[in-house]
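Novice: Can you keep this structure in mind? I'll have questions shortly.
The values are calculated or read from the model by the stated rules, or taken from the named source; none is laboratory data. Remember, it's a predicted structure, so these values are computed and weren't measured experimentally. Quick reminder, even Gly has a Cβ in these numbers, built from the backbone with ideal geometry, and neighbours come from all protein chains shown. Side chains included, ligands, DNA and RNA excluded: accessible areas come from the protein's heavy atoms. Shrake-Rupley method; radii C 1.70, N 1.55, O 1.52, S 1.80 Å.
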Amino acid sequence: MAKYKFEQFNVEIENPTITIDPTQIKVDAVNNTISLSLILETTEAKVYGVEVLDISVENLNYEGEENLMERALQGLEKYKV
């Protein structure tokens, strides 16, 4: 079970469905990091848009949606409660 807490929302987001907008990937080639725009949706039909910043990556190649989801989950770790 995953539960997340963000400063901008006064709620803990439990077990959301995560959608990544692949057109909104921001790349920092100097620091080998990416930032992703995510939509977190709960079973109560609540939708939260968040940007997860400075996710470390080994390379800057786009390696498909599965790899992108792994990076998103890696970036969300700092928001887990």
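Novice: Do you know the relative contact order of the range 1-53, to the nearest whole percent, from alpha carbon pairs under 8 angstrom that are 6+ apart? Mind showing how you got there, number by number?
Specialist: Working: 80 pairs, mean separation 14.3, N = 53.
Relative contact order, the range 1-53: 27 percent.
Novice: Which net charge results for the neighbourhood of L76, defined as the other residues with beta-carbon distances under 12 angstrom from its beta-carbon, given Lys and Arg at +1 and Asp and Glu at -1?
Specialist: Values: positive: K3, K5, R71, K78, K80; negative: E51, E70, E77.
With Lys, Arg at +1 and Asp, Glu at -1, the net is +2.
Novice: Let me ask something additional. Taking only protein heavy atoms into account and a 1.4 Å probe, give the accessible area per residue of the chain in Å². Could the numbers behind the result be given before it?
Specialist: Details: 5470 Å² over 81 residues.
Averaged over the residues of the chain, the accessible area is 67 Å².
Novice: Moving to a separate point now. Give the carbon-plus-sulfur fraction of the accessible surface of the chain in %, rounded to a whole number; probe 1.4 Å, heavy atoms of protein chains only.
Specialist: Values: 2540 of 5470 Å².
Answer for the chain is 47 percent, counting heavy atoms of protein chains only.
Novice: I've got another one for you. Cβ under 15 Å from N59's Cβ, N59 left aside: what net charge do those residues give with Lys, Arg +1 and Asp, Glu -1? Don't skip to the answer; put the middle values down first.
Specialist: On the way: positive: R71; negative: D28, E58, E63, E70.
Computed value for this residue: -3.
Novice: Ok, one more. Measure nothing fancy, just the Cα-based angle from helix 65-76's long axis to the longest principal axis of the chain, in degrees from 0 to 90, nearest 10.
Specialist: 60
Novice: At a 10 angstrom cut-off on C-beta neighbours, averaged per residue, how do the peptides 59-69, 11-21 rank from highest to lowest?
Specialist: Numbers: 59-69: 10.9, 11-21: 14.3.
In decreasing order of mean packing, 59-69, 11-21 become 11-21, 59-69.
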